[in-house]
Amino acid sequence: LSPEDLALINPNTRTAPIFRSRRDAEITKSIFRRIPVLVNDAEPNGNPWGVEFSTMFHMTNDSHLFRTDDELRAQGASLVANIWTCGRERWLPLYEGKMIFLFDHRYGTYSGQTSAQANQGTLPTPSDDDHADASQTMIPRYWVEEAEVRSRHRAAGSRILGFREITSAVSERTLVACVVPDVAFNHKLPLINSSSAQGGLLGAVLSSFAADYIVRQKIGGTSLSFFIAKQIAVPPPSSFDTSAPWGGGSVADWIGERALELTYTAWDVQGFARSLGYNGPPFKWDPERRNLLRAEVDAALFHLYGLGRQDAEHVLDSFPILASREMGKFGEYRTKRLILERYDALAQATSTGTGYQTVLDPPPADPRVAHPESSRPSWA
């Protein structure tokens with residue numbers, strides 16, 4: 001790599017990326033020639049998404065602020081809608097990185113954690129039936145007084161993303177980010193807040209294989225630090241204002257509908273839905289439908305990143321743990337097949353001008369796949 005290549009790929013740090021092959025180097029360079037980094041510290045307009053990075057509570061330094069269920073119960077507090085209340089005091093859950101996954105802020109809960117799981121540092125994952133309950137929230141290990149949370153982070157939770165700080169380039173997925181509720185977060189779940197009008201789409205971009213692939217070329221250890229996150233190639237918000245080349249309105253509308261249905265599956269993130277102009281109830285949790293929604297989003301972002309068909313296939317093949325797991329479970333690398341099918345359909349719609357026809361029925365974010373309004377809990 002030349003000094004110019006280093007400045008292109010890591011403009012803030014000028015550090016060398018880590019490539020498994022020459023092809024990875026060529027694909028990465030081609031992406032960065034088209035797509036800028038999320039935050040370029042040297043450019044006056046180098047933060048088009050208006051992002052701010054932050055952390056809230058350190059598990060050691062701030063441990064005196066944490067309370068357990070038993071401690072709050074002993075002081076007379078009562079639990080309603082995942083908030084402990086005692087007089088005028090309110091205590092919010094402290095989320096950790098292992099509690100989230102892609103398009104899922106309810107991935108892990110301390111409720112029902114076994115001793116074996118505790119020893120391994122893992123959490124039980126709610127079932128599809130649990131996810132189907134839009135009022136269900138995750139139970140944390142600790143709680144933090146709301147006034148302390150607000151003093152650390154005053155922004156509303158409509159466009160806040162959390163991402164796992166602990167990761168690896170050889171994990172099933174390396175960049176794990178999602179929209180999170182307006183609660184407390186430990187330092188292993190850093191936050192990204194966007195002031196852009198398109199900020200609601202950033203979570204979908206960072207959840208894509210294209211963005212994850214970029215991170216894999218930059219991770220040498222087990223920490224996804226802010227300086228790495230800043231240097232992810234991310235299409236600027238203006239890219240989403242244009243008409244989708246495959247039809248269906250603007251790129252923002254097309255991806256936004258799918259991001260909305262994938263993300264808004266519970267009442268505790270309704271602020272995110274409102275930021276996208278949707279005021280209805282959450283969408284039902286349908287695993288098969290979600291697979292197709294994610295495939296459409298990933299395929300569209302491969303196109304937006306400017307990756308050809310063979311490059312997109314190479315990117316998907318660079319996630320061998322996911323491929324191996326799906327081969328064992330389904331007898332095929334299902335995710336790859338679904339994404340490439342949608343990639344080809346989008347490419348055909350673009351070349352012929354016929355307009356892309358979604359395979360989803362009803363279409364994405366259709367009210368018919370949402371919960372009834374009568375399911376709204378009293379606290380929502």
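What do you reckon, is S111 over 23 Å from H371 (Cβ atoms) and open to solvent by 10 Å² or more (accessible area, probe 1.4 Å)?
No; evaluated as a whole, the condition is false for this residue.
Out of V183, V170, V234, V251, I need the residue that is within 28 Å of E145 (Cα to Cα) and not polar (S, T, N, Q). Which one?
Selected residue: V183, the only one of V183, V170, V234, V251 that is within 28 Å of E145 (Cα to Cα) and not polar (S, T, N, Q).
Can you name every residue in region 11-49 that is acidic (D, E), out of contact with any Lys or Arg (no Cβ under 8 Å at 6 or more places or on another chain) and open to solvent by 60 Å² or more (accessible area, probe 1.4 Å)?
E26, E43
When you go through A365, A347, A370 one by one, which is the residue that is in contact with a strand residue (DSSP E or B) (Cβ under 8 Å, 6 or more places away or on another chain), surrounded by 12 or more Cβ atoms within 10 Å (Cβ to Cβ), at pLDDT 95 or above and under 24 Å from A210 (Cα atoms)?
None of the others qualify; the one that does is A365.
Open to solvent by less than 70 Å² (accessible area, probe 1.4 Å) and in contact with a helix residue (DSSP H, G or I) (Cβ under 6 Å, 6 or more places away or on another chain) - does that describe any residue in region 50-64?
The answer is yes; a qualifying residue exists.
For region 168-198, name all the residues that are buried (at least 22 other Cβ atoms within 10 Å of the Cβ) and closer than 16 Å to I214 by Cα.
L175, V176, A177
Within region 20-130, which strands (runs of 3 or more DSSP E) (wholly inside it) include 3 or more residues that are at pLDDT 95 or above?
Where strands (runs of 3 or more DSSP E) fall fully within region 20-130 and carry at least 3 residues being at pLDDT 95 or above, they are 89-95.
Which one of these does P124 not meet: (1) without any contact (Cβ under 8 Å) to a residue 40 or more places away in the chain; (2) surrounded by 15 or more Cβ atoms within 10 Å (Cβ to Cβ); (3) more than 30 Å from N10 (Cα to Cα); (4) within 22 Å of the chain's Cα centre (by Cα)?
With (1) without any contact (Cβ under 8 Å) to a residue 40 or more places away in the chain; (2) surrounded by 15 or more Cβ atoms within 10 Å (Cβ to Cβ); (3) more than 30 Å from N10 (Cα to Cα); (4) within 22 Å of the chain's Cα centre (by Cα) applied to P124, the lone miss is (2).
Taking region 288-333 only, how many residues are in contact (Cβ under 8 Å) with a residue 60 or more places away in the chain, more than 25 Å from D129 (Cα to Cα), part of a helix (DSSP H, G or I) and within 19 Å of the chain's Cα centre (by Cα)?
Residues meeting the conditions: 6.
Identify all residues within region 253-287 that are among the small types (G, A, S), open to solvent by less than 40 Å² (accessible area, probe 1.4 Å) and not in a helix (DSSP H, G or I); write none if there are none.
Passing the criteria: A266, G280.
What residue, among those in region 238-252 that are small (G, A, S), over 16 Å from A349 (Cβ atoms) and surrounded by 17 or more Cβ atoms within 10 Å (Cβ to Cβ), is farthest from the chain's Cα centre (by Cα)?
Looking at the filtered set, the residue picked out is S239.
Here is a check on your reading of the model: is A233 in contact with an Asp or Glu (Cβ under 8 Å, 6 or more places away or on another chain) and aliphatic (A, V, I, L, M)?
Judged against the criteria, A233 is not a match.
Any idea how many residues of region 15-27 are hydroxyl-bearing (S, T, Y) and closer than 16 Å to P3 by Cβ?
The total comes to 1.
Residue check: is R33 touching a His at 6+ places or on another chain (Cβ under 8 Å) and charged (D, E, K, R)?
Against the criterion (touching a His at 6+ places or on another chain (Cβ under 8 Å) and charged (D, E, K, R)), R33 does not qualify.
The values are calculated or read from the model by the stated rules, or taken from the named source; none is laboratory data. This one's a predicted model, so the numbers in the text were calculated from it and none came from an experiment. Note that we place each Cβ from the backbone using ideal geometry, even for glycine, and neighbour counts take in every protein chain shown. Protein only, heavy atoms only, side chains kept; ligands, DNA and RNA dropped before computing areas. Shrake-Rupley method; radii C 1.70, N 1.55, O 1.52, S 1.80 Å.
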